[in-house]
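What follows is a single structure, written as structure tokens, with notes after it.
The values are calculated or read from the model by the stated rules, or taken from the named source; none is laboratory data. Since the model is a prediction, treat every value here as computed from it, not as a measurement. Here the Cβ positions follow ideal geometry from the backbone for every residue, glycine too, while neighbour counts run over all protein chains shown.
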Amino acid sequence: MTSNTLRTALNLVLPLLQPLAGAMAPVFGIGMTMAEMSAASQTPVTPAAYAFSIWGLIFALAIAWGIWQALPANRDSVPARRLGWPLAGAFACSILWMVLAALLGNGWHLVVVILLLLACALTAFFIARTEPRTGWADSWIVHPLTGLFAGWVAAASFANIAGAALLSGAIRADGAAGTLAAILLLLAAAAVAIAVLWTARGAPWFAGAFAWALAGIAYANTLERELNVVVALVAVGLLVLLLAVSWQRGRFGRARPATQQ
């Protein structure tokens with residue numbers, strides 16, 4: 001099997017395995033569900049339950065990507081060659097994360113995996129941003145997939161860190177100490193997201209996914225769980241700042257080529 005054939009096969013098979021890995025506990029009864037794991041390590045930076053529905057869209061886009069890049073006309077295309085390996089790494093890490101979460105629960109082992117996932121997702125995201133859009137697949141599959149994947153995993157990484165820190169006793173989930181820890185984690189997460197948006201000159205799909213996570217955190221700390229007004233307000237403030245930066249950098253990115261002409 002050649003390297004190109006292996007790349008194509010991995011990008012076709014791994015997206016199909018992602019939903020199956022996520023269904024290990026709720027459908028097949030193996031291990032604990034994501035809801036059970038989240039409840040055992042819940043902190044103020046854990047988004048509301050509804051926010052995790054974004055995985056359904058990411059899974060669907062990943063499957064669409066896998067089918068598209070496997071078509072004979074697209075197997076040797078520039079997107080398939082340049083994005084194939086980073087996305088295969090992201091899909092593999094996503095599956096590994098879900099399997100370990102179901103079997104072992106939260107902990108620093110998941111933090112290591114999700115940071116590897118984030119590295120792969122960001123690599124694919126920035127590669128996609130450097131490629132000129134050449135067809136409908138770029139607008140409807142490549143950019144939505146890489147943007148949503150990287151944006152959501154960037155937010156989820158810090159939620160995962162918070163859960164692992166809670167279980168290890170490094171932070172608390174309640175009281176003033178828990179609120180302070182949540183705020184510091186939110187600020188760190190937002191700093192990473194804003195740095196990505198600044199470098200990428202906008203990236204609405206990335207911004208949308210990260211904003212979705214912040215909205216879920218604000219909702220969780222007002223309506224879904226114990227009231228924490230401070231964390232909710234910080235999440236809303238960062239959401240507004242994130243969208244403002246994305247909009248402003250998006251305008252800069254569109255105007256720059258015209259200025260250079």
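So, in region 198-224, how many residues would count as being over 21 Å from residue 157 (Cβ atoms) and outside any helix (DSSP H, G or I)? Total meeting the criteria: 2.
Quick check: anything in region 112-126 crowded, with 23+ Cβ neighbours inside 10 Å, closer than 18 Å to residue 217 by Cα and either at pLDDT 95 or above or of a type in the set (A, V, I, L, M) (or both)? No, the conditions are met nowhere in region 112-126. In a residue-by-residue description of region 206-217, the property of being farther than 24 Å from residue 110 by Cα, surrounded by fewer than 20 Cβ atoms within 10 Å (Cβ to Cβ) and not β-branched (Val, Ile, Thr) applies to at least one position.
Among the residues of region 65-86, those that are buried (at least 16 other Cβ atoms within 10 Å of the Cβ) and in contact with a Leu (Cβ under 8 Å, 6 or more places away or on another chain) comprise 65, 66, 69, 84. The set of residues in region 198-233 that are touching a Lys or Arg at 6+ places or on another chain (Cβ under 8 Å) and among the basic types (Lys, Arg) contains only 201.
When 118, 103 are checked against the criterion of being touching a helix residue (DSSP H, G or I) at 6+ places or on another chain (Cβ under 7 Å) and in a helix (DSSP H, G or I), a single residue qualifies: 118.
Residue count for region 157-171 satisfying the condition of being closer than 16 Å to residue 93 by Cα and either touching a His at 6+ places or on another chain (Cβ under 6 Å) or buried (at least 24 other Cβ atoms within 10 Å of the Cβ) (or both): 1. Any idea which of 202, 250 is closer than 22 Å to residue 125 by Cα, in contact with a helix residue (DSSP H, G or I) (Cβ under 8 Å, 6 or more places away or on another chain) and surrounded by fewer than 19 Cβ atoms within 10 Å (Cβ to Cβ)? Result: 250 is the single residue among 202, 250 that is closer than 22 Å to residue 125 by Cα, in contact with a helix residue (DSSP H, G or I) (Cβ under 8 Å, 6 or more places away or on another chain) and surrounded by fewer than 19 Cβ atoms within 10 Å (Cβ to Cβ).
On the stretch given as region 19-64, residues that are of a type in the set (Ser, Thr, Tyr) and surrounded by fewer than 19 Cβ atoms within 10 Å (Cβ to Cβ) total 3. Taken over region 1-57, the criterion of being in a helix (DSSP H, G or I), under 26 Å from residue 166 (Cβ atoms) and among the β-branched types (Val, Ile, Thr) is satisfied by 54 alone.
Scoring residue 105 on the criteria (1) surrounded by fewer than 21 Cβ atoms within 10 Å (Cβ to Cβ); (2) at pLDDT 95 or above leaves a single failure, condition (2).
Taking region 172-191 as the search range and keeping residues that are in contact (Cβ under 8 Å) with a residue 60 or more places away in the chain and in a helix (DSSP H, G or I), which one is surrounded by the most Cβ atoms within 10 Å (Cβ to Cβ)? Across region 172-191, the extreme among qualifying residues is 182.
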